[in-house]
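Okay, so here's the structure we're looking at.
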Amino acid sequence: MFKDGVRMFGPAYIRLAQAIIIQAVKDVIRPVRFGPHDHSAGYIKADARKFIRKAALEDGYERGIFELAGMDPRWVQAYLEKKIRKKS
């Protein structure tokens, strides 16, 4: 069923998966604050890191999104960890 849907809507699903991953990476690097007293940015960053970590470690829908986008979640996780270390 999943493969049939990908075949029928392939490019749209692939672009959607890529957009989800790009947004998760952006949220890890610099989450958006909506105001000076908005403390949700830390939660957004933690959720994005959790999404990427689960994709790298578990075989769930998170990994399926990465596979559909043609990306390796372990590489993305390693890249973000290196980038975070440089910031600190």
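The values are calculated or read from the model by the stated rules, or taken from the named source; none is laboratory data. Quick caveat, the model's predicted, so the values are computed rather than measured. As a convention, Cβ positions derive from the backbone with ideal geometry for all residues, glycine included, and neighbour counts pool all protein chains shown. Each accessible area value is taken on the protein alone, full model and side chains, heavy atoms only, with ligands, DNA and RNA left out. Shrake-Rupley method; radii C 1.70, N 1.55, O 1.52, S 1.80 Å.
Out of the range 45-88, which residues are of a type in the set (S, T, N, Q) and at pLDDT 95 or above?
Matches in the range 45-88: 77 only.
List pairs: first residue in the range 66-81 and over 16 Å from residue 10 (Cα atoms), second residue open to solvent by 60 Å² or more (accessible area, probe 1.4 Å) and of a type in the set (A, V, I, L, M) anywhere in the structure, Cβ distance under 9 angstrom, at least six positions apart or on different chains.
From residues that are over 16 Å from residue 10 (Cα atoms), the pairs are 73/57; 74/57; 77/57.
All but one of (1) outside any helix (DSSP H, G or I); (2) more than 15 Å from the chain's Cα centre (by Cα); (3) under 24 Å from residue 86 (Cβ atoms) hold for residue 31, so report the exception by its number.
The single condition residue 31 does not satisfy is (2).
Which residue is most open to solvent (accessible area, probe 1.4 Å), if the candidates are limited to the range 21-59 and must be among the β-branched types (Val, Ile, Thr) and farther than 12 Å from residue 76 by Cβ?
If we take residues in the range 21-59 being among the β-branched types (Val, Ile, Thr) and farther than 12 Å from residue 76 by Cβ, then 32 is most open to solvent (accessible area, probe 1.4 Å).
I'd like the full set of residues that are surrounded by 11 or more Cβ atoms within 10 Å (Cβ to Cβ), assigned to a loop (DSSP other than H, G, I, E, B) and not hydrophobic (A, V, I, L, M, F, W, C), limited to the range 60-88.
72
Residue by residue through the range 13-40, note down the ones that are at pLDDT below 90 and small (Gly, Ala, Ser).
Hits for the range 13-40 are 35, 40.
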